[in-house]
Amino acid sequence: MNDVQKVQYKERYLRAKRNGEKFFPESLYRDMLVMFAIFLLLVGLSIFIGVAAEPKADPSDTTYIPRPEWYFLFLFEMLKFFPGSLEWVGTTIIPGAAVIALLLLPFYDKNPARHWKKRKFAIGFMSVVVVAMVFLTIQAAVTTPPQKNASAVAATLPAQITAGQDTYSVQCAECHGPDGGGGVIKGVKGLEGFKMKAINGQDEMYTRTDNTLYNIVEYGQPDLGMPPFGKAFGGELSRSDIDNLVTYMRYSWDNRVQMPKEAAQANAIPVLGPKDIPSYSVNIAPIVKRYCVSCHRPGKENNNYLMGGYNDVMNSGDHKPNVVAGDLNSNLIRMIHGEKITAGGAMPPTKSLSPDLIAIFERWVKAGAPEKPAK
Amino acid sequence: MISKRMFPWLDERLGISGIYKTIFDRMVPKVNWWFTLGSATLFLFALQVVTGIMLSVYYVPSPDKAYDSIQYIMNGVAFGWLIRGIHHWGATLMVITVFLHMLRVFFYAAYKYPREITWTTGVLLLLATLGMGFTGYLLPWDQKAYWATTVGTSIAGAVPGIGDFILRALRGGNDLSGVTLARFFSAHIWMFPLIIIALIGVHLYLVIRIGISSIPKENE
């Protein structure tokens with residue numbers, strides 16, 4: 001821009017200002033209106049969408065599909081055009097060049113014109129770039145959708161306690177008993193007959209911090225016979241799983257903290273009224289989950305009797321059927337009464353079920369072992 | 001009235017009416033709604049500062065505690081969910097408004113004489129905003145944050161020659177760790193905000209000194 005053009009511009013600008021408006025209140029009014037709309041939008045987004053819960057960072061979980069924040073997605077997608085040894089072009093040259101081009105734009109764009117009709121190249125070039133960025137972002141969003149979490153993330157304390165109890169029932173009940181009471185271990189390879197101490201009393205709860213409990217679960221105590229449960233060491237539990245497990249233990253067994261009512265209700269085995277007809281989904285599944293699944297799941301010694309769902313409970317196992325509708329002499333009923341039969345010994349092996357739980361099983365079998373409650 | 005005597009006394013010493021005349025009582029060209037994007041971004045930044053300071057009251061930048069402290073903000077602290085929600089969505093919206101603001105300036109050729117330096121500080125502000133997004137993304141220390149930052153830092157590590165140095169400087173070691181979290185936290189609450197505040201100062205000084213651009217006419 002030469003000096004004549006500069007003077008011309010200044011004159012034009014002065015005229016535009018003279019024909020313009022006052023910054024306060026006219027301009028500022030529009031600004032404030034937009035600010036207010038943005039504030040409402042943010043509050044609305046927080047209330048109606050919120051921030052999605054995610055599991056805790058877990059460096060050992062290498063299956064997680066990484067995905068950058070959405071405004072970096074176009075860069076992420078662009079890198080796919082530069083595979084292998086060309087990667088540095090996508091990571092360094094192009095973004096670096098873009099930044100320098102933007103920073104120095106007023107110094108190399110010597111075109112004095114300001115109206116878009118006289119700046120067709122600049123406008124066209126920028127438009128293509130913006131369209132490409134939007135396109136790459138959409139493509140990245142389609143080809144790399146956000147990772148679905150295997151299970152819902154427990155975000156509230158009651159949900160964490162419930163999730164922790166589910167984990168406990170599957171992973172721990174086998175050796176530590178359904179309620180942490182311990183006892184003589186039966187049916188676990190390598191630990192047969194080992195007398196497990198109780199872990200649900202003050203001895204444990206008052207002297208072990210959450211961190212200690214966490215470490216014991218994650219790393220195990222191999223010299224004492226406890227294997228590691230953390231994913232990093234060959235176990236099945238992520239960091240969030242172990243956190244929830246520790247939360248469950250703390251709230252259930254430490255008498256200095258009080259179990260939230262909501263969690264207690266969610267974890268309770270439903271009460272069966274004298275005239276109710278028990279069903280698998282309402283009454284049996286919660287008992288099975290807490291007392292049986294720890295051993296009766298794939299990969300354990302259980303004569304292939306799996307108890308993960310209704311069909312498995314009814315039809316799986318080397319000695320099937322273990323449950324026969326209407327027949328109180330079926331294997332399952334005899335074994336929870338402590339009988340030793342060809343299918344196996346007393347179940348659960350460490351400590352028998354309480355009489356009222358056994359009664360629920362009996363009433364369920366007598367009622368025809370229905371899967372779902374009658375309407 | 002005491003205020004009638006107070007104001008001239010204060011004004012004589014503080015120069016309030018001078019400030020008012022310079023900043024508020026000035027003529028600006030008639031423009032359209034696209035020209036509100038700058039002030040919208042400023043508002044969002046102020047909102048991020050306020051909600052960010054509130055979050056820092058409860059947030060603990062350590063790998064053991066970060067995740068739990070955010071759970072506590074979401075479930076335990078009164079209106080913690082709202083403050084975090086605004087901070088989370090405000091970050092997203094701020095990136096959008098900054099970017100649209102830049103496009104508006106570009107398409108109206110407002111970066112040309114005499115506003116070259118305003119533009120340059122604006123580009124730096126855009127980069128700093130992206131830096132805020134990048135460093136803030138790790139702080140919740142959840143799976144999404146951890147793996148996105150792992151990939152993000154490794155992309156920076158692919159720069160030929162100095163890539164390995166950049167990677168180790170960003171992560172504070174070969175792997176993502178508590179050290180990474182500490183330096184991202186420091187960058188997020190100290191370094192970038194101070195850079196942004198300083199640049200906003202220059203940016204606004206220039207906007208007020210030179211005046212906002214007008215919409216170009218066909219003969220311009």
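Values quoted throughout were computed directly from the atomic coordinates according to the rules given, and no laboratory measurement underlies them. Quick caveat, the model's predicted, so the values are computed rather than measured. Neighbour counts run over all protein chains shown; Cβ positions are idealised from the backbone, glycine included.
On alpha-carbon atoms, Rg over Rh for the stretch A:157-267 using Kirkwood Rh? Radius of gyration over Kirkwood radius for the stretch A:157-267 works out to 0.95. Note: the stretch B:58-112, Cα convex hull, 99 Å³ per residue. For chain B, adding -39500 (n - 2.57) for each run of n ≥ 4 DSSP H residues and dividing by the number of residues yields -23000 deg cm²/dmol at 222 nm. With θ set to phi - 60° and the Karplus curve 6.51 cos²θ - 1.76 cosθ + 1.60, what are the ³J(HN,Hα) couplings of the stretch A:157-164 in order, to the nearest whole Hz, using x for Gly and Pro? In residue order, the calculated couplings are 4, x, 5, 5, 5, 4, 4, x Hz. For trypsin sites (Lys or Arg not before Pro), the sites in the stretch A:231-308 that DSSP calls loop and that have at most 12 other Cβ atoms within 10 Å are A:R256, A:K275. Among the listed pairs A:K118/B:K30; A:K22/B:K217; A:K10/B:K217; A:K118/B:K217; A:K17/A:K118, a Cα-Cα separation exceeding 19 Å is found for A:K118/B:K30; A:K22/B:K217; A:K17/A:K118.
Of the cross-linked pairs A:K148/A:K197; A:K148/A:K189; A:K186/A:K261; A:K148/A:K351; A:K186/A:K231, which ones have a Cα-Cα span greater than 32 Å in the structure shown?
Values: A:K148/A:K197 39 Å; A:K148/A:K189 35 Å; A:K186/A:K261 34 Å; A:K148/A:K351 39 Å; A:K186/A:K231 26 Å.
Pairs exceeding 32 Å: A:K148/A:K197; A:K148/A:K189; A:K186/A:K261; A:K148/A:K351.
In chain B, the longest principal axis of the Cα atoms and the axis of helix B:2-14 are about 70 degrees apart.
Principal-axis analysis of the Cα atoms of chain A puts helix A:94-103 at an angle of about 40° to the longest axis.
Projected onto the charge dipole of the stretch A:157-267 (+1 at Lys/Arg Cβ, -1 at Asp/Glu Cβ, origin at the Cα centre), which of A:T162, A:P178, A:Y214 gives the Cα projection farthest towards the positive end? The one lying farthest along the dipole's positive direction is A:P178. Considering only C-alpha atoms, what is the centroid distance from the stretch B:1-52 to the stretch A:91-131, in Å? Here the answer is 33 Å between Cα centres. Compactness of the stretch B:1-125, taken as the C-alpha radius of gyration over 2.2 N^0.38 Å, stands at 1.52.
Amide hydrogen proximity for A:E21: with H placed 1.01 Å from N in the peptide plane, the residues at 5 or more positions away or on another chain lying under 5 Å are B:V28, B:K30.
On a 0 to 90° scale, report how tilted helix B:80-107 is relative to the longest principal axis of chain B, with both axes built from alpha carbons and the result rounded to the nearest 10. Roughly 60 degrees between the two axes.
Semi-axes of the equivalent ellipsoid of the stretch A:280-366 are 16, 15, 14 Å, computed as sqrt(5λ) over the eigenvalues of the C-alpha gyration tensor in descending order.
Considering just Cα atoms, how many Å³ per residue does the convex hull of the protein assembly as shown enclose? Provide the component values of the computation, followed by the final result.
Values: hull volume 147.2 nm³, N = 595.
Value for the protein assembly as shown: 247 Å³ per residue.
How big is D for the stretch B:90-209, in µm² s⁻¹ as a whole number, if Stokes-Einstein is applied with the Kirkwood radius of its Cα pairs at 10 °C and 1.306 mPa s? Once the numbers are plugged in, D ends up at 100 µm²/s. When a/c is below 1.5 the answer is rounded, else prolate if a/b is larger than b/c, else oblate, so apply that to the stretch A:67-148 with a ≥ b ≥ c taken from the square roots of the Cα gyration tensor eigenvalues. Prolate, since a/c reaches 1.5 and a/b exceeds b/c. Compute the Cα gyration tensor for chain B, then decide on rounded, prolate or oblate, letting a ≥ b ≥ c be the square roots of its eigenvalues: rounded whenever a/c is under 1.5, prolate when a/b is larger than b/c in the other cases, and oblate in all that remain. Judged from the Cα gyration tensor, chain B comes out oblate (a/c at least 1.5, b/c at or above a/b). Any chance you could check the Cα centroid distance between the stretch B:135-189 and the stretch A:1-75 for me, in angstrom? Value for the Cα centre distance between the two parts: 26 Å. Only Lys, Arg, Asp and Glu carry charge here, each on its Cβ (+1 for the first two, -1 for the last two); on that basis chain A has a dipole of about 1920 debye about its Cα centre.
Put simply, the amide H of A:M226, placed in the peptide plane, has neighbours under 5 Å in A:Q221, leaving out anything fewer than 5 places away on its chain.
A simple charge model with +1 on the Cβ of Lys and Arg, -1 on the Cβ of Asp and Glu and nothing else charged puts the dipole of chain B at about 580 debye relative to its Cα centre.
Using a 10 Å cut-off on Cβ to Cβ distances, tally the other chain neighbours for every residue of B:144-157 and report the average as a whole number. Mind dumping the intermediate values first?
Values: counts 13, 4, 9, 11, 7, 4, 4, 7, 6, 0, 2, 10, 2, 1.
What the average comes to for B:144-157 is 6.
Taking the charge dipole of the protein assembly as shown about its Cα centre, with +1 at Lys and Arg Cβ atoms and -1 at Asp and Glu Cβ atoms, the residue from A:V134, A:T92, B:W119 reaching farthest to the positive side is B:W119.
Lys and Arg at +1, Asp and Glu at -1: add these up for the other residues within a Cβ distance under 13 Å of B:M6 and post the number. Provide the component values of the computation, followed by the final result.
Numbers: positive: B:K4, B:R5, B:R13; negative: B:D11, B:E12.
Net local charge, B:M6 excluded: +1.
Distances between placed amide hydrogens fall under 5 Å for A:V184 paired with A:M196, all partners being 5 or more residues away or on another chain.
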